[in-house]
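Asker: Below you will find the structure I want to go over with you.
The values are calculated or read from the model by the stated rules, or taken from the named source; none is laboratory data. The shown structure was predicted, so the numbers you read here are calculated from the model rather than taken from an experiment. Backbone-built Cβ (ideal geometry, glycine too); neighbour counts: all protein chains shown. Please note that ligands, DNA and RNA were not included when accessible areas were found on the heavy atoms of the full protein model with its side chains. Shrake-Rupley method; radii C 1.70, N 1.55, O 1.52, S 1.80 Å.
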Amino acid sequence: MEFLLLILLMPLPIYGVRANDPIAGPWQSKEEARNLECTRLSQAQAHERYPDLVPDLPARGTSGVTDALACTSRFMRYGERPDRDEVILSSLGQTVGEITQIASALGSGELTWHVDAFYPEPAVAAKISVAARTQLAERGHKVSDRVPVLAAGDIAVLGRMPASKAYPLACARYFAQRVLDEQDAFLGLMIIDARETQLHAGLCMRGEWRWLQ
């Protein structure tokens, strides 16, 4: 069951140490602390998302909240996910942030962005896609929920090809069949080798595929 644990981090006037991080202590065990997923927010961001819980920025020269941690309990506890899924999801924010930053620099202009994740576990693929869409939207891009799909014959052919050739060919087919046009950009995130734990990505624009990572 998910819940919101919003922890306000107050500056200590003498030592400047941030207090109240959700670490193990008298009120929760180390295991319980490890099973929280937390996002650090500036006070302005926290106030915008949770105006009833976080005060607005204090007047200059006065002390107050400096930032906050927004925490939710993990849907699956440590040790319950397969190791590969755990590694991918534990660094998903940073990985997707780096990928979308590179993609944004290459895909400037009035584009509509489409995102899909190619991952063996559908639930993890959905998390990857949502994270990438969110990051792109936060960067000011127009993001579509539509996922480009090719004809069954194309998919059958692509499924027999190595990834290094399949994704560039799929990109070319998207453009040739007008699944995507010149005002569209497609960001794909995927696992290339079933044994690896690195998330790869490529950008498709105007029928040309470019590997980003």
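Asker: All but one of (1) closer than 29 Å to Asp83 by Cβ; (2) open to solvent by less than 30 Å² (accessible area, probe 1.4 Å) hold for His114; which doesn't?
Answerer: (1)
Asker: Sticking with this one: Which residues, taken from the range 136-172, are farther than 18 Å from Ile191 by Cα, in a helix (DSSP H, G or I) and not acidic (Asp, Glu)?
Answerer: Listed by number, the residues that qualify are Leu136, Ala137, Ala152, Gly153, Ala156, Val157, Ala172.
Asker: Under 8 Å between Cβ atoms, which residue pairs at least 6 apart in sequence (or on different chains) link something in the range 89-110 that is on the phi > 0 side of the Ramachandran plot with a partner that is of a type in the set (A, V, I, L, M, F, W, C) and in a loop (DSSP other than H, G, I, E, B)?
Answerer: none
Asker: Do we find that Pro162 is over 26 Å from Arg49 (Cα atoms) and open to solvent by 60 Å² or more (accessible area, probe 1.4 Å) in this structure?
Answerer: Considered against the rule, which asks whether it is over 26 Å from Arg49 (Cα atoms) and open to solvent by 60 Å² or more (accessible area, probe 1.4 Å), Pro162 comes out as yes.
Asker: Let me ask something additional. Which of the residues that make up the range 173-209 are farther than 24 Å from Gly109 by Cα and in a loop (DSSP other than H, G, I, E, B)?
Answerer: Across the range 173-209, the qualifying residues are Ile191, Ile192, Asp193, Ala194, Arg195, Glu196, Thr197, Gln198, Leu199.
Asker: Identify all residues within the range 88-111 that are under 11 Å from the mean Cα position of the chain (by Cα) and in a loop (DSSP other than H, G, I, E, B); write none if there are none.
Answerer: Of everything in the range 88-111, just one residue is under 11 Å from the mean Cα position of the chain (by Cα) and in a loop (DSSP other than H, G, I, E, B), namely Ser91.
Asker: Which of (1) out of contact with any helix residue (DSSP H, G or I) (no Cβ under 7 Å at 6 or more places or on another chain); (2) in contact (Cβ under 8 Å) with a residue 24 or more places away in the chain; (3) charged (D, E, K, R); (4) open to solvent by 30 Å² or more (accessible area, probe 1.4 Å) is the odd one out, the single condition Arg178 does not satisfy?
Answerer: Among (1) out of contact with any helix residue (DSSP H, G or I) (no Cβ under 7 Å at 6 or more places or on another chain); (2) in contact (Cβ under 8 Å) with a residue 24 or more places away in the chain; (3) charged (D, E, K, R); (4) open to solvent by 30 Å² or more (accessible area, probe 1.4 Å), Arg178 violates only (2).
Asker: Oh, and also: Open to solvent by 30 Å² or more (accessible area, probe 1.4 Å), in contact (Cβ under 8 Å) with a residue 24 or more places away in the chain and among the aliphatic types (A, V, I, L, M): does that describe Val157?
Answerer: no
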